[in-house]
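The structure appears right after this line, and notes come after that.
The values are calculated or read from the model by the stated rules, or taken from the named source; none is laboratory data. Because the structure is a prediction, the values reported are computed rather than measured. So basically every Cβ, Gly included, is an ideal-geometry build from the backbone, and we count neighbours across all protein chains shown. Surface areas here come from the heavy atoms of the whole protein model, side chains and all, with no ligands, DNA or RNA. Shrake-Rupley method; radii C 1.70, N 1.55, O 1.52, S 1.80 Å.
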Amino acid sequence: MSARLPADALGRRVACGTDCGTVRYVGSVSRTTGIWLGVEWDDPQRGKHDGSYEGTQYFRCRHPKGGSFIRPNKANFGVDFLTAVKDRYGLNDKQDVQYGTENTVVFGTKTVEFVGMDSVAEQQRQVQLNKLVDISVRECAVSHAGQQEEISRTCANMRHINLSKNLISSWETVITIASQVQNLETLNVSENKMKFPSTSTSMSNAFSKLKILALNQTEITWREVLLCAQGWPALEELYLSSNNITVLERSDNVLQTLKLLDLSDNHLLDGNQLHLIAHLPRLEQLILRNTGISSIHFPDAGFGCKTKMFPSLKRLAINDNKISQWSSINELDKLPSLRSLQCNNNPFMDTEKNPETLIQLIIAKISQLEVLNNCEILPAERRGAELDYRKIFGNDWLKAGGHWNPEKNKPSEEFLAAHPRYPSLCLKYGAPEEGELKGRQPLTLKNQLLTLTIKCPEKPEQKPIEKKLPESMTIQKVKGLLYRLFKIPGSELKLSYESSKLEGKEVELDNDLKPLQFYSIESGDCVLVRW
């Protein structure tokens with residue numbers, strides 16, 4: 001083999017120009033001379049074939065045109081960790097230009113030679129490296145750790161390392177680097193296509209203090225996560241996006257300290273996979289963006305009850321999925337600690353054309369929610385949503401067996417399945433009165449729209465805004481809309497309106513539960529906003 005070719009070239013990650021790949025074959029190719037490397041490229045567009053040449057299969061690729069042969073001298077097998085650090089932070093030998101050539105410094109026309117200058121420069125580099133706490137060598141072609149214990153001698157104070165998008169080919173390399181960093185807290189090794197252990201390995205103390213780990217786009221499986229997690233006793237945040245994870249397994253005795261788990265852009269087999277991670281005791285944030293899930297169900301809890309699953313979960317992201325039924329949103333009310341939800345871009349949101357009504361329905365269905373799609377839910381906004389929900393579905397409740405008399409109140413199982421919070425809303429606000437339910441317009445009918453100008457008299461720099469609002473919209477909902485426009489809490493807003501029919505007068509909009517039509521507002525009137 002060529003002197004340029006590492007002995008362990010097979011399976012190593014290499015770069016060729018801007019393209020990266022994995023060496024799948026080392027050896028000769030028929031009707032050619034010399035050694036070739038068969039490379040499976042990360043970008044199949046870089047390849048030419050599937051690893052076969054003139055009828056002989058030298059290696060295999062996942063893509064029919066994902067491979068090609070290159071000469072060893074065209075492949076960059078990378079550098080060791082410390083070389084990359086020194087290059088990135090300007091602390092290598094080549095950059096000691098301030099000392100002149102061959103340990104001399106020029107003063108005017110005189111050249112002065114400094115004896116022992118090499119050792120002085122090395123000591124200064126050592127001091128500078130020891131000061132580094134947060135190190136990023138992203139895209140620096142790091143492929144191996146380097147000489148044994150050299151990292152611990154040189155960079156003793158490192159706590160946060162970004163090793164993403166390099167040429168690391170195995171988890172063992174990561175362990176070798178991390179084991180030399182005594183107080184490592186944050187590690188990002190994303191975008192390294194690595195080989196992970198497939199069976200239990202001897203425990204390592206390399207990650208004993210690690211709190212944050214990013215393994216995005218590393219092709220790790222969930223089973224491999226659980227095997228490696230035996231060495232992550234203090235881990236709090238784990239990022240695993242874009243790894244083609246489809247199946248989960250129960251995580252007994254590992255990941256017990258985990259507070260955040262990101263599984264976004266992994267296409268899970270189904271929503272039931274979540275049950276296998278539902279008993280992580282400290283998990284507070286779960287990111288499931290674009291995981292392909294179409295439903296969520298907690299079978300251990302009935303209507304109006306709390307599940308034992310995800311006992312600590314406060315923040316959940318399920319945006320960009322295939323959830324089409326409101327029943328999955330009902331299920332989220334079973335989570336005992338849920339406070340924040342992101343659920344944009346799901347089919348169930350297309351069932352309601354009015355975005356304001358959509359938001360109100362979600363708020364009313366999940367009792368403890370405080371933040372929805374990154375917007376704070378104000379107490380008055382929740383009250384308005386719940387009162388409206390109680391009124392909107394009041395006739396359905398009556399038809400299903402609901403009654404103002406508690407002894408006769410026996411709504412059907414079907415109604416409770418569709419509206420599990422309705423009984424608790426009746427307890428909170430009282431059952432809807434018959435007068436409230438008469439003449440209610442169906443949700444599908446468009447209310448008459450008012451064209452209103454919204455002005456802030458005390459903020460002249462704020463340009464007037466024209467809005468079309470339903471005349472049945474409550475003042476509380478108007479405040480919710482204005483909160484999203486001006487980021488001023490509804491509790492601090494004071495509203496009034498001016499009309500050409502009431503020249504020189506302002507009418508205060510002082511009852512949050514009254515609709516706009518209660519105040520005889522008409523199209524063309526001006527709503528004044530103060531805070």
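Laid out as a table, the results:
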quantity: Filtered trypsin sites (Lys or Arg not before Pro), the range 329-364: DSSP coil and at most 14 other beta carbons within 10 Å; calculated: LYS353
quantity: Isotropic mean projected area of the C-alpha convex hull, the range 12-74 (nm²); calculated: 3.9
quantity: The range 331-472 - charge dipole about Cα centre, Lys and Arg +1 at Cβ, Asp and Glu -1, debye rounded to 20; calculated: 160
quantity: Accessible surface, per residue, of the range 381-429 when the full set of protein chains is kept, probe 1.4 Å, Å²; calculated: 53
quantity: Axial C-alpha extent at least 30 Å, average Kyte-Doolittle at least -0.5 - helices from the chain (DSSP); calculated: none
quantity: Fraction of accessible area attributable to carbon and sulfur, the chain (%, probe 1.4 Å); calculated: 48
quantity: Ranked order, LEU276, LEU372 - accessible area, probe 1.4 Å, largest first; calculated: LEU276, LEU372
quantity: Net charge contributed by nearby residues that have their C-beta within less than 9 Å of LEU37 (K/R +1, D/E -1); calculated: +3
quantity: Among the listed pairs LYS259/LYS428; LYS463/LYS487; LYS428/LYS455, those beyond 25 Å (Cα-Cα); calculated: LYS259/LYS428; LYS428/LYS455
quantity: Over the range 135-220 - Rg/Rh using Cα atoms and the Kirkwood inverse-distance radius; calculated: 0.93
quantity: Largest to smallest accessible area among ASP300, ASP388 [probe 1.4 Å]; calculated: ASP300, ASP388
quantity: Against the rule of thumb 2.2 N^0.38 Å, how large the Cα Rg of the range 198-352 comes out; calculated: 1.05
quantity: Counting all C-alpha pairs of the chain, share separated by more than 37 Å (%); calculated: 53
quantity: GluC sites (Glu not before Pro) lying in DSSP loop within the range 341-421, provided at most 11 other Cβ fall within 10 Å; calculated: GLU407
quantity: Fully extended contour minus Cα-Cα distance, from THR351 to ASP80, at 0.36 nm per residue; calculated: 92.0 nm
quantity: Charge dipole magnitude, Cβ of K and R +1, D and E -1 - the range 144-232, Cα centre, debye nearest 20; calculated: 140
quantity: Pairwise label distance in nanometres, LYS467 with ASN405, each label 7 Å out on the Cα-Cβ vector; calculated: 4.4
quantity: VAL29 paired with ARG383, simple spin-label distance in nm, labels 7 Å along Cα-to-beta-carbon; calculated: 7.6
quantity: The range 450-507: trypsin sites (Lys or Arg not before Pro) in DSSP coil with no more than 12 other Cβ atoms inside 10 Å; calculated: LYS487, LYS505
quantity: Residue-span extension gain [LYS48 to THR451] - 0.36 nm each, minus C-alpha spacing; calculated: 138.9 nm
quantity: Charged-residue dipole, Cβ positions (Lys, Arg, Asp, Glu), the range 12-74 about Cα centre, Debye nearest 20; calculated: 100
quantity: For the range 449-530: rounded, prolate or oblate by the Cα gyration tensor [a/c cutoff 1.5]; calculated: rounded
quantity: Bridge type composition, the chain - antiparallel percent by DSSP, nearest 5; calculated: 55
